[in-house]
Amino acid sequence: MAVGLSWEPGEDPVVQVDGVEVTDVVEVELRGRRTWQAVCRPLVDTYDPRCGCCPLLDSVASRLAEYGPDDPNLERDRTSLPTAYLVSLDVQTGIVVDVSPQDGDGAGSSFGNEIHVVDEPLRPPRAG
């Protein structure tokens, strides 16, 4: 998992890492690859997304971090923003391969990355 923590299948850890509560960790196969999935809840006043304008876990917590409590859109969006996400992490590469809101207006949608190849030489396209 994160920050040097280890995780064994069958354990049910609850971990708080840099403003995110991580629960319900399971190992699954996603798109043919070994993946860890967990429910991630960004925590208000401690979630610090790498990019505030396009956070991985868009939420009240991320909006407050980016725009502050006086953001005029926050009151309108407060009930529509997700509070939890199912996040899938490719075990071999450490790349997030799927993020699915569990509630809010985005429930039922997701975005993902598909890993095509790992540890093979890069073959750039031919010029011209």
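In the context of the full set of protein chains, the chain has a per residue accessible area of 66 Å² (1.4 Å probe). Among Q92, Q37, Q102, which one moves the most in a GNM of the chain with springs linking Cα atoms closer than 10 Å? Result: Q92 has the largest fluctuation of those listed. Simple spin-label estimate for E66 and L86 gives 2.5 nm between the two label positions (7 Å along the Cα-to-Cβ direction from each Cα). Think of it as helices only: each DSSP H run of n ≥ 4 in the chain is worth -39500 (n - 2.57), and spread over all residues that comes to -2500 deg cm²/dmol at 222 nm.
Label positions at D24 and D77, each projected 7 Å from the Cα along the C-beta direction, are separated by 2.4 nm.
The solvent-accessible area of V39, taken with every protein chain present and a 1.4 Å probe, is close to 20 Å². Selection among L64, S80, V26 by position relative to the dipole of region 18-80 gives V26 as farthest towards the positive end (Cβ unit charges, Cα centre).
The values are calculated or read from the model by the stated rules, or taken from the named source; none is laboratory data. Please read all numbers here as calculations on a predicted model, not as lab measurements. As a convention, Cβ positions derive from the backbone with ideal geometry for all residues, glycine included, and neighbour counts pool all protein chains shown. For the accessible areas, the whole protein counts, side chains as well, though only heavy atoms, and no ligand, DNA or RNA atoms are used. Shrake-Rupley method; radii C 1.70, N 1.55, O 1.52, S 1.80 Å.
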